[in-house]
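Report on the structure given below.
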Amino acid sequence: MRGNCDLGPLKYQVVLYFFRNIHFSTAILLIIYVIGLHITALSGWLPFRNNTADAGLIYTDIFGKAGDSGFVSALLAIAVVVAQAFMINSIADQFRLMDSRSWLPGVAFALVTALLPSFLYLSPALASSFFIVWSLRFLFYAYKSPKSPLHVFDIALCIAAASLLYPRALLIAPAFFIAIGIMRSWSAREYMVFLAGLILPLLLGWTWYFWHDRAGEFFQKHISGVFSWPQLATGLDISAEWSGLAFIASLFLFFVFNISGYMRGKSILVQKSVSVMFWLLIFGSLQIFFCADWQWDRFLLAGAAAGLLLAYSYEDMKPIYAEILHLVILISAFGLQFMHISVS
């Protein structure tokens with residue numbers, strides 16, 4: 001006897017069902033979801049390595065000591081992911097990027113930023129991705145105000161600010177340069193505005209470290225080290241990384257094969273946003289090859305783009321298929337975590 005309680009919607013929907021709303025209280029569920037994704041790191045089961053070799057000086061000065069503890073690092077990572085998930089959800093709602101308002105963009109981003117074990121701890125790339133997400137808001141403002149160069153300046157300013165935490169974040173600047181051209185037409189003055197926005201934070205950072213007798217170190221870390229020739233060794237051994245590489249590659253191929261579905265029947269703004277996300281995905285991923293060693297956390301620069309594309313996938317699918325896709329990705333992510341635990 002079913003009575004008056006219809007459990008039909010819950011019969012086939014497991015997790016995403018609870019985020020297909022815009023209730024403020026659902027934010028608590030999102031926080032719990034992020035904590036659950038990071039539980040292996042919080043518990044100390046995953047091996048922790050505080051790698052700051054390619055971190056910016058500001059990141060090292062602020063988070064250097066905090067990153068010595070695996071628990072603190074995992075806790076900080078959760079805080080950064082939650083903040084960015086809220087920001088992405090706010091952007092999707094404000095600019096009507098989804099057909100209906102929900103918490104799906106935030107959930108999708110949280111899942112993307114927990115795909116691999118090394119994503120679960122605070123890293124320079126994760127910290128700098130906060131400013132990459134922030135720059136997306138200014139990018140959509142630029143679409144709404146095509147005659148204002150201020151938003152172009154703000155976008156470049158965010159990219160340069162991200163590079164102060166993770167210097168190689170500057171390598172994503174070409175993607176935003178292309179993205180601005182997709183969202184609006186360029187003017188000659190805005191080229192200079194974009195360049196000024198990239199230079200100003202670096203100049204201020206150099207001035208600060210100049211007064212602390214570290215100008216040379218700043219220049220080497222944030223300028224010359226970024227634009228040096230790619231250092232990826234031809235004999236780099238990635239045999240131990242095949243599982244993570246296959247997982248990431250499969251997800252990226254899924255996005256590519258579904259590009260027509262993302263565009264079909266959407267508004268012009270959404271179609272433009274899909275194109276922008278693919279450019280960010282490409283440049284955010286390619287920057288990993290500018291390093292001599294293999295560090296998965298550098299893919300987090302493309303986390304916002306991957307999260308929004310995954311949210312589009314959830315929305316375009318039937319709820320049952322969206323739940324299956326979510327569970328497949330979730331189980332795969334936890335599988336990689338536990339495989340990493342068993343190996344270590």
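The values are calculated or read from the model by the stated rules, or taken from the named source; none is laboratory data. Fair warning: this is a prediction, and the values are worked out from it, not measured in the lab. Every residue, glycine among them, receives a Cβ derived from its backbone with ideal geometry; neighbour counts consider all protein chains shown.
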Worksheet entry | Given (1) of a type in the set (S, T, N, Q); (2) at pLDDT 90 or above; (3) surrounded by fewer than 20 Cβ atoms within 10 Å (Cβ to Cβ), number of the condition residue 163 does not satisfy | (3)
Worksheet item: So, in the stretch 187-225, of the ones that are in a loop (DSSP other than H, G, I, E, B) and in contact with a helix residue (DSSP H, G or I) (Cβ under 8 Å, 6 or more places away or on another chain), which residue ends up farthest from residue 171 (Cα to Cα)?
Response: 214
Worksheet item: Which residues, taken from the stretch 28-53, are hydroxyl-bearing (Ser, Thr, Tyr) and under 18 Å from residue 329 (Cα atoms)?
Response: 33, 40
Worksheet item: Has the stretch 53-74 got any residue that is among the hydroxyl-bearing types (Ser, Thr, Tyr), outside any helix (DSSP H, G or I) and crowded, with 23+ Cβ neighbours inside 10 Å?
Response: no
Discussion item. Whether any residue in the stretch 93-101 is in contact (Cβ under 8 Å) with a residue 24 or more places away in the chain, part of a helix (DSSP H, G or I), surrounded by fewer than 23 Cβ atoms within 10 Å (Cβ to Cβ) and of a type outside the set (A, V, I, L, M, F, W, C) is what I want to check.
Written reply: yes
Worksheet item: Just for the stretch 169-183: of the residues that are surrounded by fewer than 24 Cβ atoms within 10 Å (Cβ to Cβ), touching a residue at least 60 places away in the same chain (Cβ under 8 Å) and within 28 Å of residue 220 (Cβ to Cβ), which one is farthest from the chain's Cα centre (by Cα)?
Response: 174
Worksheet item: Which residues, taken from the stretch 137-153, are touching a residue at least 60 places away in the same chain (Cβ under 8 Å) and over 21 Å from the mean Cα position of the chain (by Cα)?
Response: 143
Fill in: Hits in the stretch 56-96 (condition: over 17 Å from the mean Cα position of the chain (by Cα) and small (Gly, Ala, Ser))
56, 64, 66, 67, 69, 70, 73
Response to the item:
Of those in the stretch 126-173 that are hydroxyl-bearing (Ser, Thr, Tyr) and in a helix (DSSP H, G or I), the residue farthest from residue 205 (Cα to Cα) is 143
Practice prompt. Looking only at the stretch 117-125, decide whether some residue is touching a Lys or Arg at 6+ places or on another chain (Cβ under 6 Å), within 27 Å of residue 50 (Cα to Cα) and either part of a helix (DSSP H, G or I) or not aliphatic (A, V, I, L, M) (or both).
Written response: yes
Worksheet item: Taking residue 25, is it surrounded by 14 or more Cβ atoms within 10 Å (Cβ to Cβ), out of contact with any Cys (no Cβ under 6 Å at 6 or more places or on another chain), farther than 26 Å from residue 246 by Cα and polar (S, T, N, Q)?
Response: no
